[in-house]
1. Using DSSP, restrict attention to beta bridges with both residues in region 63-166 and report what percent are antiparallel, rounded to the nearest 5.
2. Can you list the residues, at least 5 places off or on another chain, whose amide H is less than 5 Å from the amide H of Asp65, using H built in the peptide plane?
3. Can you work out ³J(HN,Hα) from phi for every residue in region 114-121, in order, using Karplus 6.51 cos²θ - 1.76 cosθ + 1.60 and θ = phi - 60°, giving whole Hz and x for Gly and Pro?
4. Quick one: net charge around Gly194, please, counting Lys, Arg +1 and Asp, Glu -1 for every other residue with C-beta under 14 Å from its C-beta.
5. Label region 63-166 by shape, choosing from rounded, prolate and oblate, from the square roots a ≥ b ≥ c of the eigenvalues of the Cα gyration tensor; if a/c is under 1.5 it is rounded, and otherwise prolate applies when a/b is larger than b/c, oblate when it is not.
6. Residue by residue, what Karplus-based ³J(HN,Hα) values in Hz, rounded to whole numbers, does region 90-104 have, using 6.51, -1.76 and 1.60 with θ = phi - 60° and x for Gly and Pro?
7. What shape does region 172-276 take by its C-alpha gyration tensor, where a ≥ b ≥ c are the square roots of the eigenvalues and a/c under 1.5 counts as rounded, a/b above b/c as prolate, and the rest as oblate?
8. Out of the DSSP beta bridges found with both residues in region 142-282, what percent are antiparallel (nearest 5)?
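Each reported figure results from applying straightforward, stated rules to the coordinates on display, with no laboratory input. Please read all numbers here as calculations on a predicted model, not as lab measurements. Backbone-built Cβ (ideal geometry, glycine too); neighbour counts: all protein chains shown.
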Amino acid sequence: MRPIRGLKAVKCFGRWMARYSRICVCTMGLILSLLALLPSLRQATLTSPAKPPRRFFPAGSAVIDFPYGNMNPIVDLLQKEEILFVMYYAPWCAQSVSVREEYQKAAKYLIDKVKFVGVNCWWPEGSCRNTYKFLKYPELYVYHTNLDGFKFNGIPTADELVRFVEDILYPITLLHSVESINNFSALHDNIVIGNFDLSTPTPPGYKTYYISAMKMIEWNHLQPVKFSVVNKPLLSQLLGMNDTKQFVILNLNGSFIYPTQNNFTSDSIVKWINEHRYEVRM
């Protein structure tokens, strides 16, 4: 019985198709036309150009702004300037907007000393976005001569930004008397005093010591370890240093001279200082 009933159903369907054939053809044609247009519609949506970025920092600001995220002008600036402060921002980011005013204040204060730069690192066609993969915004870095950037890890107020830049500009203090050593020690919880042959244009080990001082500023800006040098043999001897290319750290835990058998590299120096620094309880 089932085949016969099925045959009746086929005949009924055939009569229905004959009656409504024009409607069916039109409907199928419309569906096929839409399917044919779908790829081009999707492509048009995907390839529609984004709106060009606007300036993040206003015209007339002390900050040089690169809204298109081009890194080439920044590389050129690094060749000309001793120090450069760069803010990598995303224009949609609330934190970037919040820091913008403080960054401008710091730039205005240091306008005669340091170039401040802003870079839109979110613009998809910019070289910044294609080079750096930041997990958050803004990111703030100070670049000094040919060294790698030093990241600002403090609270981004104008005062803190200025202090960070000035510490990078002048990472080492010259101490020329016992009184100056005592005053320097009274101002800071941890001080490092180096002994180098400053009578030569390039004292052995001094550049490494200098870089170590800047790395310590980056490592802990809120509780910095302050670096210094003495320029008299009598002072270095009073501190227990009988040779050049030596340094000592002084704090409430005592005084510790960097071991001569240790590698004299900035990474080794920073690691050793962090092991011997006095940690202030906040």
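1. 45 percent
2. Amide H neighbours of Asp65, under 5 Å, 5+ apart: Gly118.
3. Each residue of region 114-121 in turn: 9, 7, 9, 10, x, 10, 6, 9 Hz.
4. Result for the local shell: +2.
5. Numbers: a/c = 1.63, a/b = 1.13, b/c = 1.44.
It comes out oblate by the Cα gyration axes.
6. Computed from phi, the couplings for region 90-104 are 10, x, 7, 7, 4, 5, 4, 5, 5, 6, 3, 5, 5, 5, 5 Hz.
7. Rounded is the answer for region 172-276, as its axis ratio a/c remains below 1.5.
8. DSSP beta bridges in region 142-282 are roughly 55 percent antiparallel.
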